[in-house]
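The values are calculated or read from the model by the stated rules, or taken from the named source; none is laboratory data. Because the structure is a prediction, the values reported are computed rather than measured. Neighbour counts run over all protein chains shown; Cβ positions are idealised from the backbone, glycine included.
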Amino acid sequence: MTNRIPITAEEIPSDSVIDYPEPFRSRMGRGNWRALGNHFGLTQFGVSFETLQPYAQSSVRHWHTLSDEFVYMIEGELTLITDDGEFILSPGMCMGFKAGEKNAHHLINKSHAVAKFMVVGSRAPRDLAFYPDDDLAWSDTEHGRIAVHKDGSPYP
């Protein structure tokens, strides 16, 4: 059933489970996200309200083959790191990443304050993410999606 009553983003339960294996998991730091789109049963695109504590990062630097991504800053300050350099994002600023463009990116909270932002992304079937700085990939198996090294061997 689809939720059809407006609510605040903070009313949606947060998640802080990090799917990355070590050594990447410990690099992420503390943060959480609220899957806003899931709450309303959205299937065409995802919407996430994310919070990063000081010195945390949003993800491993990556780019997508089939999924667009859009980031909108709400509170605090984040450093956006892309192939084009580092950029400071403050409230009201935004950035988009077109599917298939090999511009790897992620956000790092280099400040002493909490940062909040929204991420909107398409949910393209068969989308792949590439991690140019790290020995990380994902593989679909009969047991679900697992993290693997770029040579295909699984992480422990």
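Data overview
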item	result
Index of the failed condition, residue 126 passing every other in (1) basic (Lys, Arg); (2) on the phi > 0 side of the Ramachandran plot; (3) in contact with a strand residue (DSSP E or B) (Cβ under 6 Å, 6 or more places away or on another chain)	(3)
Residue within region 118-125 that is farther than 25 Å from residue 42 by Cβ and not hydroxyl-bearing (Ser, Thr, Tyr) present	no
Residues satisfying the stated conditions in region 44-103, i.e. touching a residue at least 60 places away in the same chain (Cβ under 8 Å), over 23 Å from residue 26 (Cβ atoms) and outside any strand (DSSP E or B)	44, 65, 66, 67
Pick from region 104-128, criterion in a strand (DSSP E or B), among the aliphatic types (A, V, I, L, M) and touching a residue at least 60 places away in the same chain (Cβ under 8 Å), ranking: farthest from residue 49 (Cα to Cα)	115
Residue list for region 1-26, filter: of a type in the set (S, T, N, Q), closer than 21 Å to residue 43 by Cβ and either without any contact (Cβ under 8 Å) to a residue 12 or more places away in the chain or surrounded by 10 or more Cβ atoms within 10 Å (Cβ to Cβ) (or both)	3
Qualifying residues in region 129-148 (those that are touching a residue at least 12 places away in the same chain (Cβ under 8 Å) and out of contact with any strand residue (DSSP E or B) (no Cβ under 7 Å at 6 or more places or on another chain)) - the one surrounded by the most Cβ atoms within 10 Å (Cβ to Cβ)	134
Unique match (being on the phi > 0 side of the Ramachandran plot and surrounded by 14 or more Cβ atoms within 10 Å (Cβ to Cβ)) among 76, 85	76
Region 17-43, residues that are assigned to a strand (DSSP E or B) and either β-branched (Val, Ile, Thr) or within 17 Å of residue 70 (Cβ to Cβ) (or both)	33, 34, 35
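For (1) under 16 Å from the mean Cα position of the chain (by Cα); (2) of a type in the set (A, V, I, L, M, F, W, C); (3) over 19 Å from residue 136 (Cα atoms); (4) at pLDDT below 95, each residue gets a yes or a no:
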position: 28; (1), (2), (3), (4): yes, yes, no, no
position: 35; (1), (2), (3), (4): yes, yes, yes, no
position: 89; (1), (2), (3), (4): yes, yes, yes, no
position: 96; (1), (2), (3), (4): yes, no, yes, no
position: 103; (1), (2), (3), (4): yes, no, no, no
position: 107; (1), (2), (3), (4): yes, yes, no, no
